[in-house]
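S.K.: Sharing a structure here in structure tokens format.
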Amino acid sequence: MSIRLYRTMGESEPPAVAIEPAFSDPYLELVRLLTEAAQLEHTLLLADLRCLISIKPRYETVRGTLGPLDYLERNPEAPPGTAALDGPYSMLDVAIEEMQHLDGVNRFLVALGASPCLLPHPFPEVDDLYPFQIPALGLDRYAVATFMWVEADACALSLSADCAGKTDPDAALVKEVRDVLSQRPGSSFPGPGDGERSHVGSLYHQILALATAVSATPPAGLRADLPWATHLQQMRWIAEEGEVGHYGFFRAMFTGTAFGGDRTIWLPGNPDYPAFDLQGGTAYPGDSTTIADAATRRLAWLADLHYWIVLALLDARYRDSEQGLGYHAVDVMALGLLALGVAVAERGYVLPFDPLGPGYVLGRGERDRRIYLGHLVAEAQTQATALGKDGLLPAGYDVGLLATVAAALASPAS
């Protein structure tokens, strides 16, 4: 399967269920939905990364290559819809595309004069857009069913008569996915209206409709040269990337074909089961859920520091219009965070992705942001050095990474 299969702009959009508006002002409602989209993309990115690192090494083609050069071919800084590679998807491809989606949404928010949003939804999240828990631990069949539902278009997994001829051709698969979701403890699936609103595409199709209306009569004060067509195309790409490429990939995982098997691969006790059973916990010390093993907690804490640096760099990049900070954020994730995640998973835990208390808008202005970020990077350097001396730093970790980021932060902003 090619990983880029898009409808043309002239084709009709798939049916989408309207999300109840909160504001009568379409500009305010557009900013609200874009902020919702940013939070959702962030939450999905974290879920993707947790699932990615839980996949057993024997399924590397499904997990994706984590080598230091491979990520350059899958550029998270490229706009949504960029065709970087042809061939089968991997979880790494999906995670990187979620990062592209997060970037595209934040670019649109900033262009509209709003603040970027680097906060995820609370984990695990239950919301009217997706009435079930987005998986917080590693990969299992429920996680794959969740991804299938979230990424599907409005009809792919529907039982509605309105979707006759447009649903997934495997009727038994549709029922099976819905059964897996409904049997999860604490799930409210299927929600009101047969749950058909609960898709990422529904959110983006409403964003498109709103953005089209706002672009026709822009509010006073918006920049006159705002590239509406570019942002609208990126929103279409995001919806289609999920509804076509991501849905097809997760469908192959659910049926077992992505792993070279069939549905029985998900049976408990199957030696070919594709993922490790991982525990959760915080890397903050002194909490009732703190990771008990000291070495694992230290690795998870360093991973948290990298996660916070990524988000703070991205926030500064949007606020200060410094493209270079975005590239450093990609490096910190690809050359540091992923290696630490694999190391933590090998010790039986998922990455905690703990929240940073002060948030990710660091400092009152550009100079203060650089100073605060510099301290955060220095803290990570100290922890990485100590882990290296104790022989705990994973082999795939780039030991020179943080020094490069520190040097960039110490340079005057251009």
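Derivation of every value follows stated rules applied to the coordinates shown; laboratory data play no part. Small disclaimer: the values here were computed from a predicted structure and weren't measured. When we count neighbours, we look across all protein chains shown, and the Cβ atoms used for this are built from the backbone with ideal geometry, even at glycine.
S.K.: Mind listing the long-range amide H neighbours of residue 275? Cut-off is under 5 Å, sequence gap 5 or more, other chains count too, H placed in the peptide plane at 1.01 Å from N.
M.R.: Excluding prolines and chain starts, which carry no amide H, the hits are 56.
S.K.: Right, next: Give me the net charge for the shell around residue 397: Cβ to Cβ below 14 angstrom, other residues only, Lys and Arg +1, Asp and Glu -1.
M.R.: -2
S.K.: Multiply the residue gap between residue 160 and residue 406 by 0.36 nm, knock off their C-alpha separation, and tell me the result in nm, one decimal place.
M.R.: Using 0.36 nm per residue and subtracting the Cα-Cα distance, I get 83.1 nm.
S.K.: Hey, another quick one. Please work out, to two decimal places, the log10 of the ratio I(q)/I(0) at q = 0.19, 0.22 Å⁻¹ from a Debye calculation in which every Cα of segment 294-410 carries one identical scatterer.
M.R.: Results for segment 294-410 at q = 0.19, 0.22 Å⁻¹ read -0.94, -1.22.
S.K.: Rg(Cα) of segment 357-414 divided by 2.2 N^0.38 Å?
M.R.: That works out to 1.29 for segment 357-414.
S.K.: I'd like the per residue volume of the convex hull spanned by the Cα atoms of segment 249-361, given in cubic angstrom.
M.R.: 138 Å³
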